[in-house]
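Here is the structure we will look at.
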Amino acid sequence: MKSSRGLASAFISLVTVVGLLAALPPLGTVNGGFSARFIAYLLLALLSSGLKVTLPGVTGTLSVSFLFILAGMVELGPFQTLALGIGSALVQIYWRAKKRPAVYQVLFNLAAIAIALRFAEAAFNSSIAAALGGSLPVRLLLATTAYFIGNTVPIAGAISITEKRSLARVWRECYFWAFPYYILGATLVCFLHWVNQNLGWEFSILAMPVAWVVYRSYRLYIGRLETEKERVELEKERVELEKTHVEEINALHIRTIETLALAIEAKDQTTHGHLRRVQRYALAIGTEMGLAEAELNALRAAALLHDIGKLAIPEHIITKPGKLTPQEFEKMKIHPVVGAEILERVNFPYPVAPIVRAHHDRWDGNGYPLGLAGEEIPLGARILSAVDCLDALASDRPYRRALPLDEAMAVVQGQSGKGYDPQVVEILGRRYRQLEEEAISLNTAAAKLSVDARIERGKAPAAGFESAAVAEHRDDFRSQIAAAGREAQYTRELLSELGNSLGMSDMLSALSSRLTQLIPCDSIAVYESKDDLLRAVYVDGRDRMLFSSLQIPLGEGLSGWVAKFGMPVLNGNPSVEPGYLNDSTKFSVLRSALSVPLAGLEGTVGVLTLYRADADAFAPDHLRILSGMSSKIGLSFENALRYRALEASATTDYLTGLNNTRALFERLNHEISRCERQGEPLTIMVCDLDRFKEVNDRFGHNAGNRVLQAFAKGLARIGRDYDVTARFGGDEFVLVLLGMKTDAVGEKILALSTLASEVSRMVCGEDIISASVGVASFPKDGHSADALLEEADRRMYASKRRGNRSRQVLQETEEDAVQIH
């Protein structure tokens with residue numbers, strides 16, 4: 001932008017200088033001086049300058065004064081003609097100007113007139129004119145052409161440089177249309193010259209009406225140009241609006257599909273990447289197989305929406321981490337029908353619903369819901385079913401972990417000619433690695449729906465039906481009677497021990513030892529449900545360290561699903577427990593799980609899960625046994641949780657959650673004994689919140705409570721994990737610092753003072769509270785909890801009275817109590 005402006009300024013300056021040079025030298029002798037004829041022509045030129053029209057596409061104007069300038073060239077001398085041109089140019093510039101022009105603009109226009117007149121004079125008297133016969137019409141034609149070019153090209157050049165447009169285009173669009181009027185003007189000048197020669201120059205005054213006629217023709221022509229331009233602009237705007245409308249409709253269409261796809265994902269708990277990959281794969285295969293544009297559009301939408309019918313499937317079936325029961329699979333089989341019915345109401349301009357309805361039909365005719373076979377199945381559905389299977393196998397599912405992509409492709413190829421179209425599988429087998437790389441780089445009033453329909457066709461789902469373990473051979477009735485007797489005995493003993501146990505550890509130990517006699521397992525885990533998470537409170541057996549560290553969100557994994565829906569799972573896949581397997585684990589040691597919810601009086605309080613290394617290791621009898629006693633286990637577990645909470649409350653300050661005085665003395669005596677045996681130091685800090693009573697008086701006791709709670713939270717941030725923090729009563733706190741060196745005590749005191757100020761500003765909005773701190777150390781200042789606390793408390797009150805500043809505190813830490821304001 002700066003370079004174009006600089007170039008335009010240089011061009012304008014050059015034209016201005018050349019114009020001045022063209023005007024300053026005498027163009028000839030003053031022929032006739034300021035004669036009556038000259039004055040008449042000057043007045044006519046000035047008047048005609050006011051008859052100007054605005055040029056299309058630029059801010060310049062054009063007047064009919066050129067008629068009298070050309071006449072002056074014939075009737076007057078060069079000096080008088082230059083005066084006509086400059087005078088008429090000044091009137092044209094300033095008369096009814098919408099904006100006052102700058103000085104450089106005025107000079108530039110005057111220079112262009114001078115240059116044009118010099119060109120016109122040269123052409124009028126040129127040898128070319130003489131060679132062509134030297135008649136007035138020939139000379140005037142050449143002069144008019146030169147004048148037109150010299151007057152318009154410099155202005156067009158300035159516009160071209162400023163707007164970075166082609167000079168030829170600017171000149172052609174803005175000025176060339178007026179050239180015929182100049183030729184007409186030259187013709188009128190020839191006629192005027194003949195009249196002057198025969199009737200006298202005074203007849204020239206009557207040429208003014210002719211100038212007005214030319215001006216009106218100017219106006220009409222410009223008006224037609226503007227009308228045509230407006231019509232073209234309106235047509236362009238209409239076309240643009242129609243184009244924008246079509247794009248908005250298409251965008252709305254796509255957003256609608258995306259929104260529906262998100263609804264499917266929310267229901268099915270799949271990832272958006274799954275649908276995008278399926279779409280990418282399906283479109284690539286469809287293109288290679290020669291699908292028409294409408295069929296590709298249908299496949300594009302169906303890839304995103306093929307599972308929309310799952311909105312009619314209960315969530316606990318869709319998210320079940322174990323295999324489906326036959327009844328659950330019957331419900332699952334309606335989703336292609338419901339999905340097609342939903343999409344038929346969208347009224348797509350291409351056949352989406354048939355693809356969705358048939359995407360679970362198999363090549364061999366054993367699919368559902370229609371039982372179509374071979375090429376009876378729409379090609380889009382055949383493509384979609386194979387691609388969907390590949391990506392589903394290569395993705396994590398609630399009932400199993402993902403397979404490596406190559407293994408998933410091998411499974412699909414094994415179903416070629418059985419479940420899937422061989423041609424589709426062949427193309428997919430050639431291109432799946434390339435398509436996967438491309439997908440990764442992309443990152444890539446309605447009628448009642450058939451939710452109660454019964455689909456007669458279809459085999460077991462890919463995950464199979466929920467199955468029982470192969471039980472031991474029990475044809476011998478005596479074995480069955482003995483087993484029932486053992487079950488009853490073990491159940492009575494288990495329930496009896498649960499009823500006699502209050503402690504969490506005792507209750508869960510008894511549960512584990514008795515339950516494993518009834519239901520063999522390799523690992524047992526009891527999870528507590530709290531704050532939307534499951535945390536293991538008891539784990540025994542294989543992988544117990546892994547299970548102990550799990551924190552399972554409700555609804556996720558196997559145990560999280562059981563906790564959320566309150567329903568058991570038989571022979572689920574343990575590998576789906578969040579955090580159980582990491583990326584470095586190639587296979588799961590445990591392959592089946594039996595999980596039941598533990599319900600208390602206030603709802604689900606936990607989950608009991610048994611794990612086995614064998615697949616489908618648990619039998620329906622195992623589920624029956626565990627479900628029968630789960631309510632008793634749940635109540636016992638809830639009682640144990642309450643008992644644990646009561647034990648915690650006995651040693652916890654109710655307001656701050658810190659240790660109370662009782663817990664402080666227990667921990668402090670224990671740590672003193674340990675430090676005495678191991679010869680380690682121990683430091684005690686007693687911290688008092690100064691002016692805390694003023695907070696209660698001014699802001700109320702609720703504000704005081706918030707101060708104490710915020711200060712307690714800050715202590716947890718300041719202290720180390722193994723330090724002991726306690727509320728000693730009122731606004732006093734105690735820190736037991738294990739193994740802390742003397743030179744680090746000052747930093748801890750400064751942190752307490754800073755914390756007090758932060759809490760004061762946060763709760764009260766001003767600095768009211770400060771911290772007074774007293775320090776005592778073992779064994780220097782005492783050998784018992786009472787002695788150490790008494791000494792630290794004495795020093796704290798002594799320093800409070802002296803009112804030492806923070807610098808004095810850091811210097812006297814080892815000698816006496818400290819106060820920091």
Which ones in the range 342-357 are farther than 21 Å from V387 by Cβ and either at pLDDT 90 or above or outside any helix (DSSP H, G or I) (or both)?
R345, V346, N347, P349
Could you pull out the residue among R514, R591, R535, R544 that is out of contact with any Leu (no Cβ under 6 Å at 6 or more places or on another chain) and either at pLDDT below 85 or among the aliphatic types (A, V, I, L, M) (or both)?
R544
Matching option when the condition is open to solvent by 20 Å² or more (accessible area, probe 1.4 Å), under 24 Å from T16 (Cα atoms) and either at pLDDT 75 or above or in contact with a Phe, Trp or Tyr (Cβ under 7 Å, 6 or more places away or on another chain) (or both), among I155, I128
I155
In the range 311-332, what residues are among the basic types (K, R) and surrounded by 22 or more Cβ atoms within 10 Å (Cβ to Cβ)?
K320, K323
Spot the failing condition for F618; the list is (1) part of a loop (DSSP other than H, G, I, E, B); (2) within 45 Å of the chain's Cα centre (by Cα), and only one is missed.
(2)
Give me the pairs: first residue in the range 664-689 and open to solvent by 60 Å² or more (accessible area, probe 1.4 Å), second residue of a type outside the set (A, V, I, L, M, F, W, C) and in a helix (DSSP H, G or I), beta-carbon distance under 9 Å, and six or more apart or on different chains, which are they?
E680/R674; P681/T742
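Each row is one residue, and each column tells you yes or no for (1) touching a His at 6+ places or on another chain (Cβ under 7 Å); (2) open to solvent by 60 Å² or more (accessible area, probe 1.4 Å).
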{"site": "Y104", "(1), (2)": "no, yes"}
{"site": "F108", "(1), (2)": "no, no"}
{"site": "F124", "(1), (2)": "no, no"}
{"site": "L136", "(1), (2)": "yes, no"}
{"site": "T187", "(1), (2)": "no, yes"}
If you scan the range 398-414, which residues turn out to be assigned to a loop (DSSP other than H, G, I, E, B) and either among the charged types (D, E, K, R) or at pLDDT 90 or above (or both)?
R401
Those residues of the range 289-300 which are loosely packed, with under 14 Cβ neighbours inside 10 Å and in a helix (DSSP H, G or I), in sequence order:
E293, A294
Taking the range 358-397 on its own, how many of its residues are farther than 18 Å from A282 by Cβ, open to solvent by 30 Å² or more (accessible area, probe 1.4 Å) and in a loop (DSSP other than H, G, I, E, B)?
6
Count, please, the residues in the range 699-717 that happen to be buried (at least 16 other Cβ atoms within 10 Å of the Cβ) and either more than 39 Å from the chain's Cα centre (by Cα) or farther than 16 Å from N660 by Cα (or both).
7
Under 29 Å from N659 (Cβ atoms) and among the small types (G, A, S), is that true of A645?
yes
Name, by its number, the condition in (1) surrounded by 17 or more Cβ atoms within 10 Å (Cβ to Cβ); (2) within 19 Å of P574 (Cβ to Cβ) that does not hold for A613.
(1)
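This table checks each residue for (1) part of a helix (DSSP H, G or I); (2) more than 30 Å from R591 (Cβ to Cβ); (3) at pLDDT below 80.
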position: I222; (1), (2), (3): yes, yes, yes
position: E242; (1), (2), (3): yes, yes, yes
position: I257; (1), (2), (3): yes, yes, yes
position: Q279; (1), (2), (3): yes, yes, no
position: G286; (1), (2), (3): yes, yes, no
position: A302; (1), (2), (3): yes, yes, no
position: K310; (1), (2), (3): yes, no, no
Has the range 406-415 got at least one residue that is in contact with a strand residue (DSSP E or B) (Cβ under 7 Å, 6 or more places away or on another chain) and surrounded by fewer than 16 Cβ atoms within 10 Å (Cβ to Cβ)?
no
Report whether or not C675 is over 30 Å from T609 (Cβ atoms), among the hydrophobic types (A, V, I, L, M, F, W, C) and not in a helix (DSSP H, G or I).
no
What number of residues in the range 736-786 are crowded, with 22+ Cβ neighbours inside 10 Å, assigned to a strand (DSSP E or B) and of a type in the set (S, T, Y)?
1
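The values are calculated or read from the model by the stated rules, or taken from the named source; none is laboratory data. Not measured: the values here are computed from a predicted model. All Cβ positions, even for glycine, are placed from backbone atoms using ideal geometry, and neighbour counts span all protein chains on display. These area figures cover heavy atoms from the full protein model, side chains too; ligands, DNA and RNA do not enter into them. Shrake-Rupley method; radii C 1.70, N 1.55, O 1.52, S 1.80 Å.
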